[in-house]
Amino acid sequence: MSHAPDGQPYQPYRPEGPQPQPPYGGRSHGAPRPPHGQEPPYGQEPPYEEGARYGDARYADPGYGEEPPGPAPRRRSRVRRWVIAGASVLALAGVGALVMQHYEIPPFTDKGAAVSFGKPPAGSGGKPGETPQQPANSKMLMPTGPAAEFKNASTLPDGTHVAVTTLDGKKSGFKGKVWVWAPKEYNDPEFAKSGFPVLIALPGGAGFPNNYWMGTDLGLQSSIGKWYAEGKSKPFILAMPVLNPAPDDKGVYWDGSDIPGQPKMGTWLTEDVPDLMKANFRTVKSRDGWAFMGSSTGGFAGLKAVLKHPDKFKAVIASGPDIVPDSSLWKGHDQEKAENNPELLAKQLIDKKGPDVYLAFQVGDSENNKKTLPDVQKFIATFGNKGPIHTDLRVIKGGQHNAKTYVPNMAEGPIQFISKVMEGPVE
């Protein structure tokens, strides 16, 4: 049974009040013909009633002398059917296009298309696919090659691309995915001869087979562009590698380190990934253009990388990080574990008196691990702003242990803290 919106049985509409009477000479459907002699004179047309038209129910059974309806209703119905059919086809086509776009079926998406970053600077003599000559005494490092094969993973509203490649690490021996993104300024003719700073962004959790920073839903890429326009950030190129060599199974992870007998993830992050960026992008020669950021385990890995290799990296944004290595894979390798401990590395750097590093921490006051904030505060109290170690802490009110908390709050301190001490774009 058909029902009205409120659940009551549907009743056909009947207007209130007296029902309309048929025009003079006409009669309602099913009504008896008038007695003989009361019909209208032969040939007399019934009087015109405003609003009456062919197809009106009141004239469905015309009286004596009334003209039968013509073919107009059929023509009108046929046009209406064509309109409805056309609209249905268009609607189905639209739905089909969205489905094919979702499942990355060409030509409804540009995912998987080849992506190249940058063009040879004007006057450099370089041709597409060739490495232009390095300008003398330049702070900028031209792409060293060989060029990697990048495929588009997503396109941002400003036309920039997040692209992905599979990197076969020559120094670590590990092979994995790296996603990259360059701000729109990278292709701006104004910066055609400029090298850009690089931010290596590391995820938390398993960090395999994806790096969640490569997903545009967190807004990291668009935020970098926005913050640069607001004067808060450098126009960083982002490198977003996988963090671990395999899924996090039963709490097993690799601390972004070279654990004996395991894939050399420390070398992968600090050697192979930077080499990929130097091979394909105009970068900054010195460590002043290289930094890490990460959350949770990724924050630990970035913090440790900067403290262990201050000659290569100058700064880090560590969000909700662990402070000491705690992977179960360190068992039986105490010496190597100590060599990857940020607390011991910080003490060694102070003893060596440099070089200077800049460590920006941010932690939510509602983190699920209640030790995270006290551990970070203890580290800062012990090593922060002593000698070459410069620290900054942002406590996020109501902040939780997730990337959605960390990204928006980077603009309120951490990204500005490291951007003030880094270089780029440079010529």
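The values are calculated or read from the model by the stated rules, or taken from the named source; none is laboratory data. Note that the coordinates shown come from a computational prediction; the quantities given were computed from them, not determined experimentally. With ideal geometry, Cβ positions are generated from the backbone for all residues, glycine too; neighbour counts draw on all protein chains shown. All accessible areas refer to the heavy atoms of the entire protein, side chains included, with ligands and DNA or RNA removed. Shrake-Rupley method; radii C 1.70, N 1.55, O 1.52, S 1.80 Å.
Between Gln134 and Val79, what is 0.36 nm times their sequence separation minus the Cα-Cα distance? Round to one decimal in nm.
Once the chain is fully extended between Gln134 and Val79, it gains 12.9 nm.
Could you work out the relative contact order of the stretch 336-426? I mean the mean sequence separation of Cα pairs under 8 Å and 6+ apart, divided by the number of residues, in percent.
It comes to 34 percent, rounded to a whole number.
At a 1.4 Å probe radius, which order do Ser366, Ser223 fall into by accessible area, largest first? Provide the component values of the computation, followed by the final result.
Details: Ser366 50, Ser223 25 Å².
Heavy-atom accessible area, descending, gives Ser366, Ser223.
In whole Hz, with x marking every Gly and Pro, tabulate ³J(HN,Hα) for the stretch 208-219 from phi via Karplus 6.51 cos²θ - 1.76 cosθ + 1.60, θ = phi - 60°.
7, x, 10, 10, 5, 5, 6, x, 6, 5, 7, x
Ordering Val306, Val79 by how much accessible area each has at a 1.4 Å probe, largest first, what is the list?
Val79, Val306
Quick one: Karplus J couplings for the stretch 221-233, per residue in order, coefficients 6.51, -1.76, 1.60, θ = phi - 60°, nearest Hz, x for Gly and Pro?
Values, residue by residue: 4, 5, 5, 4, x, 5, 5, 5, 4, 8, x, 9, 9 Hz.
Per residue of the stretch 248-261, what does 6.51 cos²θ - 1.76 cosθ + 1.60 with θ = phi - 60° give for ³J(HN,Hα)? Whole Hz please, x for Gly and Pro, Karplus curve as stated.
Karplus-based 3J(HN,Hα) across the stretch 248-261 equals 6, 9, 6, x, 8, 9, 10, 6, x, 10, 8, 7, x, x Hz.
Once you put a point 7 Å from the Cα of Ala114 and another 7 Å from the Cα of Glu230, both along the Cβ direction, what distance in nm separates them?
It is 3.9 nm.
Treat each spin label as a single point 7 Å out from the Cα along the C-beta direction, and report the Asp311 to Asn152 distance in nm.
Placing both labels 7 Å beyond Cα along the Cβ direction yields 4.2 nm.
Would you mind working out the accessible area per residue for the stretch 340-396, using a 1.4 Å probe, and quoting it in Å²? Write out the running numbers ahead of the final one.
Numbers: 2800 Å² over 57 residues.
Averaged over the residues of the stretch 340-396, the accessible area is 49 Å².
With a point put 7 Å past each Cα toward its Cβ, work out how far Asp365 is from Asp275 in nm, to one decimal.
Each label point lies 7 Å from its Cα, and together they span 4.7 nm.
Arranged from highest to lowest average of other beta-carbon atoms within 10 Å per residue, in what order do the peptides 208-218, 293-303, 239-249, 142-152 appear? Don't jump to the answer; show the numbers that get you there.
Numbers: 208-218: 18.3, 293-303: 28.5, 239-249: 20.5, 142-152: 15.9.
Sorting 208-218, 293-303, 239-249, 142-152 by mean packing, highest first, produces 293-303, 239-249, 208-218, 142-152.
Lys184: which lysines have alpha carbons under 22 Å from its alpha carbon, excluding same-chain residues fewer than 8 sequence positions away?
The qualifying lysines are Lys111, Lys119, Lys127, Lys139, Lys151, Lys193, Lys226, Lys232, Lys234, Lys278, Lys285, Lys420.
What's the FRET efficiency of Lys353 with Asp168 using the Cβ-Cβ distance as r and R₀ = 35 Å, to the nearest 0.05?
It comes to 0.35.
Can you give me the long-range amide H partners of Arg394? Hydrogens built in the peptide plane at 1.01 Å from N, cutoff under 5 Å, separation of 5 or more residues or another chain.
Residues meeting the criterion, in which the H sits 1.01 Å from N, are Phe361, Gln362, Val363.
Sorted by average packing, counted as other Cβ atoms within 10 angstrom per residue and highest first, what order do 280-290, 226-236 take?
280-290, 226-236
Calculate the FRET efficiency for Lys184 and Thr144 from the Cβ-Cβ distance with a Förster distance of 22 Å, rounded to the nearest 0.05.
After rounding to 0.05, the efficiency reads 0.40.
Using only alpha carbon pairs under 8 Å that are at least six residues apart, calculate the relative contact order of the stretch 251-312 and give it in whole percent.
Reported relative contact order: 29 percent.
PRE reach from Val421 (point 7 Å along Cα→Cβ): which of the stretch 334-360 fall under 11 Å by backbone N?
355-360
Per 0.36 nm of contour for each residue apart, how much would the distance between Lys378 and Asp326 grow if the chain were fully extended, relative to their Cα-Cα spacing?
My answer for the length gained is 17.0 nm.
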